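Asks: Structure below; questions to follow.
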Amino acid sequence: MASLALWVAMALSCKEEKKTTESQETTQMEEVMAIHDEVMPKMGVLGRLVGKLKAKVDSTEQGMAYEKAMKDLQAANNSMMQWMQGFGDRFDSGEILNGKVLTEQKQKWLDQEEEKVKALREQINSSIEKAEALLKE
């Protein structure tokens, strides 16, 4: 059930108009969600690239390069799913979508989650770039 709530919250965050604050500053939670919203649409790209690479995997050196790229894409997808689940376990929809004030512990968690989502963005983008470059060869 928590996973369902997370998916709903994440889906809404992708479409919700960001509320303007008096200072017009973006909150840390909004920044974390913006990175999520940036990489979430790339999950379909990961899937398509895995399909293209899978068809080319064989026992040759080139085939093994395709397999490595495919596994990197799958790892990036798994990392995204794990991050979303962990994030949803730590924060409720009020904190994610409505700017509810965080406890000191949750602020520490948000600092950690920000680092994780930045690393996740890098993992997703680099695995896509490498796979696309390999497929162009």
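Asks: Which trypsin sites (Lys or Arg not before Pro) does region 52-137 hold that lie in a coil by DSSP with at most 12 other beta carbons within 10 Å?
Replies: Details: sites: Lys52, Lys54, Lys56, Lys68, Lys71, Arg90, Lys100, Lys106, Lys108, Lys116, Lys118, Arg121, Lys130, Lys136; in loops: Lys56, Lys100.
For trypsin sites (Lys or Arg not before Pro) across region 52-137 that sit outside H, G, I, E and B with at most 12 neighbouring Cβ atoms in 10 Å, the list is empty.
Asks: If you don't mind, another one. What list of ³J(HN,Hα) couplings, whole Hz, do you get for region 41-51 from phi and the Karplus terms 6.51, -1.76, 1.60, once you set θ to phi - 60° and write x for glycine and proline?
Replies: Rounded to whole hertz, the list is x, 7, 5, x, 4, 4, x, 5, 5, 4, x.
Asks: Still on this model: Once you have the Cα-Cα distance between Lys56 and Lys130, take 0.36 nm times their residue separation minus that, and quote the gain in nm to one decimal. Working shown, then result.
Replies: Values: separation 74, 0.36 × 74 = 26.64 nm, distance 1.51 nm.
My answer for the length gained is 25.1 nm.
Asks: Here's something else I'd like to know. Cross-chain or 8 or more residues apart, Cα under 17 Å: how many lysine pairs in region 49-137 fit that? Count them up, please.
Replies: Within region 49-137, the lysine pair count is 19.
No lab work stands behind these numbers, since they all come straight from the coordinates. All figures in this text were calculated on a predicted structure; none of them were measured in a lab. Cβ: placed from backbone, ideal geometry, glycine included. Neighbour counts: every protein chain shown.
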